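Asker: For reference, the structure I am asking about is given below.
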Ligand code: HEM
């Protein structure tokens, strides 16, 4: 890393140290509430259930991708966003949960139908699998759990993020009609971010 | 001429009073003009048909020439050129040629038909269309006895159609019907909604409406009609034959490979509206089931 860039990232990091992470939760919750309010009042068009389902799903995926960027950003530029990662991850989970609840409670409204869809529709199965993978991660995203599990085990557990995000991307590609570009862009970015990690792991084990 | 089918609306279900009176007057008019062979309103019709508002009908559309999103047509279609308009009718007809919109409609009564509209994506609307029966328009061109299918084509105006410029699916959009489906009294060419000219995002100035089939069969902004003896290619079938069949009749017992077709969400119900059950042939079973007698609807989806 050139010296000038190093000093730039150092001053950015100094500023970031003074920015708290908690506003991410507030903004995340407020945005979800605002979208719900829009749905109630016609702001999401005449089909608000599907619109809300889609908006929550999209934000969930965006936040998951943002979480994946934290480490490479530090490696490449030195900018350190690690302190925000838990908030990004938990807010992402909150959106996945909201996404799931809109589908289950507002859209399908029947346990039998929910079960049937999860079993019969591959894109739902995949989304649901991603959701399940994220549950233990959400439950252990706190300091007590890190202590109890030990940092190494905790880190291993949280590698479940990778398959979860990948499944989220496949879920998106699988559900669209035709071939719009967005789901493929998400998938490409996600695969890229995972490949980068694979290379690091290889480099690390080669130099170990 | 026409009036072979009566609206199966139960008038007291229509909410706005003004509209209600209007409709009743119109229905009375229909009754008086009914010709022999008029179809009785079906049994499924006892069910209330509350039309969607014009705002709903014209703000939630699939018209891929303008983009992928439901709001793209309303955002972009205003720039589509719809006047003057003509349709070229060719193939197995006695009088092939280019017919202006006026020529196509001349001598035909514009009727109001309140139809259910069911999208393959499992949402639905109820639309008060204005238009004429396709059969009457085809008769003007003189269908030859060798014809077995009708092919349709949508206008292509790249300058004003972002989806066409982006080639998001192959254009021109093409659709087709078997001749007996095309000549069925329920099948219409619509030129308006709620008595107003067709909104551009809904397929101005003239579009097909086949109420017992999934919405994508009801091709918009038609510029060409071809009578042929071979089953014509259709856009979504070409894109994904396993998911979108040539027939694409509304059928709650045959699921789309990726989602259920057993139920649908009626547009406009808000966040807390329940899904409703999808009806066989979208509620027009009594009128159209005979077209498919002996066919395996699982095979010919
Ligand atoms: C990590 C988990 C998940 C992610 C990241 C995710 C993401 C997405 C995205 C990005 C969309 C499309 C949004 C758009 O079109 O703009 C979507 C749609 C959808 N998702 Fe998910 N999803 C997840 C889990 C689930 C789960 C658990 C379910 C239900 C069991 C589900 C059901 C749906 C449905 C029904 C749609 C809409 C399909 C349609 O409009 O036809 N998703 N999801």
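Asker: Determine which single condition residue A:141 fails, assuming it passes every other condition in (1) within 10 Å of the ligand (Cβ to nearest atom); (2) crowded, with 16+ Cβ neighbours inside 10 Å.
Answerer: Here residue A:141 clears every test but (1).
Asker: Return the residues of the range A:89-105 that are farther than 18 Å from residue A:69 by Cβ, more than 8 Å from the ligand (Cβ to nearest atom) and buried (at least 20 other Cβ atoms within 10 Å of the Cβ); say none if nothing qualifies.
Answerer: A:98, A:102 - these are the residues of the range A:89-105 that are farther than 18 Å from residue A:69 by Cβ, more than 8 Å from the ligand (Cβ to nearest atom) and buried (at least 20 other Cβ atoms within 10 Å of the Cβ).
Asker: If you don't mind, there's one more thing I want to ask. Take residue A:129 and tell me if it is surrounded by fewer than 19 Cβ atoms within 10 Å (Cβ to Cβ) and within 14 Å of chain B (Cβ to nearest Cβ).
Answerer: For residue A:129, the condition - surrounded by fewer than 19 Cβ atoms within 10 Å (Cβ to Cβ) and within 14 Å of chain B (Cβ to nearest Cβ) - is not met.
Asker: Follow-up. Among the candidates A:196, A:176, single out the residue that is over 16 Å from residue A:89 (Cα atoms) and within 14 Å of chain B (Cβ to nearest Cβ).
Answerer: The conditions single out A:176.
Asker: Please verify whether residue A:121 is more than 8 Å from the ligand (Cβ to nearest atom) and either under 30 Å from residue A:4 (Cβ atoms) or within 14 Å of another protein chain (Cβ to nearest Cβ) (or both), treating the condition exactly as stated.
Answerer: yes
Asker: Is it the case that residue A:78 is more than 12 Å from chain B (Cβ to nearest Cβ), in contact (Cβ under 8 Å) with a residue 24 or more places away in the chain, farther than 19 Å from residue A:22 by Cβ and within 8 Å of the ligand (Cβ to nearest atom)?
Answerer: In short, no.
Asker: Check B:242, B:238 and return the single one that is within 14 Å of chain A (Cβ to nearest Cβ) and either in a helix (DSSP H, G or I) or touching a helix residue (DSSP H, G or I) at 6+ places or on another chain (Cβ under 8 Å) (or both).
Answerer: Only one candidate passes the filter, namely B:238.
Asker: Check B:291, B:297 and return the single one that is under 17 Å from residue B:217 (Cβ atoms) and assigned to a helix (DSSP H, G or I).
Answerer: None of the other options fit; the residue is B:291.
Asker: Looking at the structure I just gave you, is residue A:154 away from the ligand (no atom under 13 Å from the Cβ), modelled with pLDDT of 95 or more and more than 14 Å from chain B (Cβ to nearest Cβ)?
Answerer: Yes: the conditions hold for residue A:154.
Asker: Out of curiosity, is residue B:244 crowded, with 24+ Cβ neighbours inside 10 Å and either under 16 Å from the mean Cα position of the chain (by Cα) or more than 24 Å from residue B:102 (Cβ to Cβ) (or both)?
Answerer: No.
Asker: Of the conditions (1) on the phi > 0 side of the Ramachandran plot; (2) surrounded by 17 or more Cβ atoms within 10 Å (Cβ to Cβ), residue A:78 satisfies every one except a single condition; which number is it?
Answerer: Checking residue A:78 against (1) on the phi > 0 side of the Ramachandran plot; (2) surrounded by 17 or more Cβ atoms within 10 Å (Cβ to Cβ), the one that fails is (2).
Asker: Only one of A:148, A:86, A:109 is more than 12 Å from the ligand (Cβ to nearest atom), under 30 Å from residue A:19 (Cβ atoms) and either within 14 Å of chain B (Cβ to nearest Cβ) or touching a residue at least 12 places away in the same chain (Cβ under 8 Å) (or both); which?
Answerer: Unique residue meeting the criteria: A:86.
Asker: Continuing with the same structure: Where in the range B:42-128 are there strands (runs of 3 or more DSSP E), lying fully within it, with 2 or more residues that are closer than 24 Å to residue B:158 by Cα and either within 14 Å of chain A (Cβ to nearest Cβ) or in contact with a strand residue (DSSP E or B) (Cβ under 8 Å, 6 or more places away or on another chain) (or both)?
Answerer: The strands (runs of 3 or more DSSP E) meeting that bar are B:86-91, B:97-100.
Asker: Here's a follow-up. Among the residues that make up the range A:38-56, is at least one of them in contact (Cβ under 8 Å) with a residue 40 or more places away in the chain, under 12 Å from the mean Cα position of the chain (by Cα), within 13 Å of the ligand (Cβ to nearest atom) and part of a helix (DSSP H, G or I)?
Answerer: yes
Asker: Quick check: is even one residue across the range B:274-296 buried (at least 16 other Cβ atoms within 10 Å of the Cβ) and within 12 Å of chain A (Cβ to nearest Cβ)?
Answerer: yes
Asker: Right, here's the next one. Output the residues belonging to the range B:258-273 that are at the interface with chain A (Cβ under 7 Å from one of its Cβ atoms) and not in a loop (DSSP other than H, G, I, E, B).
Answerer: Answer for the range B:258-273, where residues must be at the interface with chain A (Cβ under 7 Å from one of its Cβ atoms) and not in a loop (DSSP other than H, G, I, E, B): just B:265.
Asker: Can you find, within the range A:170-190, the residue that is nearest to the chain's Cα centre (by Cα) among those that are within 9 Å of the ligand (Cβ to nearest atom) and part of a helix (DSSP H, G or I)?
Answerer: My answer is A:186.
Asker: Looking at (1) farther than 25 Å from residue A:141 by Cα; (2) modelled with pLDDT of 95 or more, which is the only condition residue A:171 fails?
Answerer: Of the numbered conditions (1) farther than 25 Å from residue A:141 by Cα; (2) modelled with pLDDT of 95 or more, the odd one out for residue A:171 is (1).
Asker: Whether any residue in the range A:161-169 is in a helix (DSSP H, G or I), away from the ligand (no atom under 13 Å from the Cβ) and more than 14 Å from chain B (Cβ to nearest Cβ) is what I want to check.
Answerer: There is no residue in the range A:161-169 that is in a helix (DSSP H, G or I), away from the ligand (no atom under 13 Å from the Cβ) and more than 14 Å from chain B (Cβ to nearest Cβ).
The values are calculated or read from the model by the stated rules, or taken from the named source; none is laboratory data. Owing to the predicted nature of the structure, the values given are computational and were not obtained by experimental measurement. Cβ atoms come from the backbone with ideal geometry, glycine included; neighbour counts cover every protein chain shown.
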